[in-house]
Amino acid sequence: MKINLNPEADSQIKNIAAKIIVALDVPSAAEAMILCDRLPQVDFWKVGLELFIADGSTVLRELKARHKKIFLDLKLHDIPNTVASACRVATKYGADFLTIHASGGKAMMQAAQSEVEGSSTQLLAISLLTSISASELASDLKVTLDVPEYVAQMVSLAQSSGLTGAVCSPHEVAKLRSLLNDDFCFVTPGVRPTWSAVGDQIRVMTPKQAIAAGANYLVIGRPITAAADPVAAWEQICQDCL
Ligand code: C5P
C-alpha cells in the first residue's frame with residue numbers, strides 16, 4: 001500500500017482494509033495461492049464451494065500458513081448432528097467465519113454454535129439466497145412473509161440461536177441493524193465501486209455506502225480479482241471509503 005503521509009488517514013485505511021474480505025472464486029488451490037500471493041495486502045479471504053470441493057484442505061492450510069483469515073462460505077444445511085460435526089472440523093482448520101443456512105432451523109443452528117464455542121470460528125447465517133425472487137418465495141416455497149419480513153425473521157432466529165452474525169444485501173443492513181443487537185455482525189456481498197462493472201450483481205452499493213449502512217465486513221470479488229491491476233483496485237477501494 002502506498003505510504004500516506006497523514007497518519008490519521010493511514011490508520012483509517014487500515015481499519016477499512018480489515019473490513020474487506022476478498023472472494024477467492026477460482027477452481028484450484030494453485031490459482032487461489034497465485035491470487036493470494038499477488039495481493040499480500042489482503043488479510044481476509046473467502047473460500048466458497050467450488051474451491052472447497054476442488055482443493056479445500058490444501059487451500060485452508062495454505063491460507064493459514066500465510067496467517068490469513070478465512071471466511072469459509074459453505075452454506076451448510078443438514079440435520080443438526082451433521083452440521084454440528086462439519087462445524088467441528090471447520091474449527092480445526094482455523095476458519096474464522098463459516099456460513100450455515102438459518103432455514104435449517106433453531107436446533108441446527110444451536111447444535112452448530114455449541115460446536116464452535118471456545119474456538120476462533122464464528123458462525124454466520126444465510127437468511128435467504130438472493131437468487132430467490134419474491135414470487136418464487138411465495139409461489140414455489142409457499143412462504144407467506146414477504147422477502148424483507150422473511151429475511152428479518154431468519155436473522156432474528158440466527159441471533160436467538162447464538163450465531164455471531166449474518167450475510168445479507170447491503171440494502172438490507174440498515175433495517176436489520178435496527179432490529180438486532182449492536183454486536184451482531186453483518187457481512188455484505190453485492191458491493192461495487194462506482195468505477196467497476198456491476199456484472200451479475202443486481203442491487204449493489206459502493207463499499208463506502210455499505211459500511212455507512214452498518215456492514216461490519218464487505219465481500220468483494222471481481223472488482224479486485226478481475227481487475228487489470230488487482231493491487232491498484234484494492235488500494236483504490238480502500239481510499240474510496242475514506
Ligand atoms: O465478484 P463479486 O464481488 O460479485 O463476488 C461476490 C462474492 O460473494 C461471490 O463469491 C458470491 O458467490 C458471494 N455472494 C454474493 N451474493 C450473495 C451471497 C454470496 O455475491 N447473496
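Values in this text are rule-based calculations from the coordinates and carry no lab data. On a predicted model such as this, the values are computed, not experimentally measured, just so you know. Ideal geometry is used to build each Cβ from the backbone, glycine not excepted, and the neighbour counts take in all protein chains shown.
Listed by Cβ neighbour count within 10 Å, with the fewest neighbours leading, Val116, Val89 appear as Val89, Val116. When the Cα positions of Leu51, Leu24, Gln12 are compared along the charge dipole of the range 1-87, Gln12 comes out farthest toward the positive end, with charges on each C-beta of Lys, Arg, Asp and Glu. The ranking of Asp25, Asp140 by Cβ neighbour count inside 10 Å, starting from the fewest, reads Asp140, Asp25. Non-local lysine pairs in the range 46-166, meaning eight or more places apart or on different chains, with alpha-carbon distances under 14 Å, amount to 6. Output the 0 to 90 degree angle, nearest 10, between the alpha-carbon long axis of helix 29-38 and the longest principal axis computed from the alpha carbons of the chain. Roughly 50 degrees between the two axes. If one puts a single equal scatterer on every Cα of the range 107-166 and applies the Debye formula without solvent, what log₁₀ I(q)/I(0) results at q = 0.13, 0.18, 0.24 Å⁻¹? Debye intensities relative to I(0), on a log10 scale: -0.40, -0.66, -0.92. Report the relative contact order of the chain, percent, no decimals, based on alpha-carbon pairs under 8 angstrom and at least 6 residues apart. It rounds to 18 percent for the chain.
Taking the chain as a Gaussian network of alpha-carbon nodes connected by springs under 10 Å, the highest mean-square fluctuation of the residues Leu218, Leu176, Leu129 belongs to Leu129.
Choose one of Gln122, Ala233, Ala152: the residue whose Cα lies farthest towards the positive end of the charge dipole of the chain (beta-carbon charges +1 Lys, Arg; -1 Asp, Glu; about the Cα centre). The one lying farthest along the dipole's positive direction is Gln122. Tell me the mean residue ellipticity at 222 nm calculated for the chain from its helices only (DSSP H runs of n ≥ 4, each -39500 (n - 2.57), averaged over every residue, nearest 500). For the chain, the value works out to -14000 deg cm²/dmol.
To make sure I understand, if each residue's beta carbon is the centre and we count other beta carbons within 10 Å, what order do Asp55, Asp229 fall in, fewest to most?
Numbers: Asp55 20, Asp229 11.
With the fewest neighbours first, Asp55, Asp229 line up as Asp229, Asp55.
Could you work out how far helix 80-93 tilts from the main Cα principal axis of the chain, as a 0 to 90 degree angle to the nearest 10? It works out to around 20 degrees. Modelled spin-label separation between Lys175 and Glu31, with each label point placed 7 Å from Cα along the Cα-to-Cβ direction: 3.6 nm.
Placing unit charges on C-beta atoms (Lys and Arg positive, Asp and Glu negative, everything else neutral), compute the dipole magnitude of the chain about its Cα centre in debye, rounded to 20. Don't skip to the end; give the middle numbers.
On the way: 21 positive and 25 negative charges, 52 e Å.
Computed about the Cα centre, the dipole is about 260 debye.
Would you please report the Å³ per residue occupied by the convex hull of the alpha carbon atoms in the chain? Spell out each step's value before the answer.
Numbers: hull volume 31.7 nm³, N = 242.
Cα convex hull per residue, to the nearest whole number: 131 Å³.
Taking the Cα centre of the range 45-127 as origin and assigning +1 to Lys and Arg Cβ atoms and -1 to Asp and Glu Cβ atoms, the resulting dipole is close to 220 debye.
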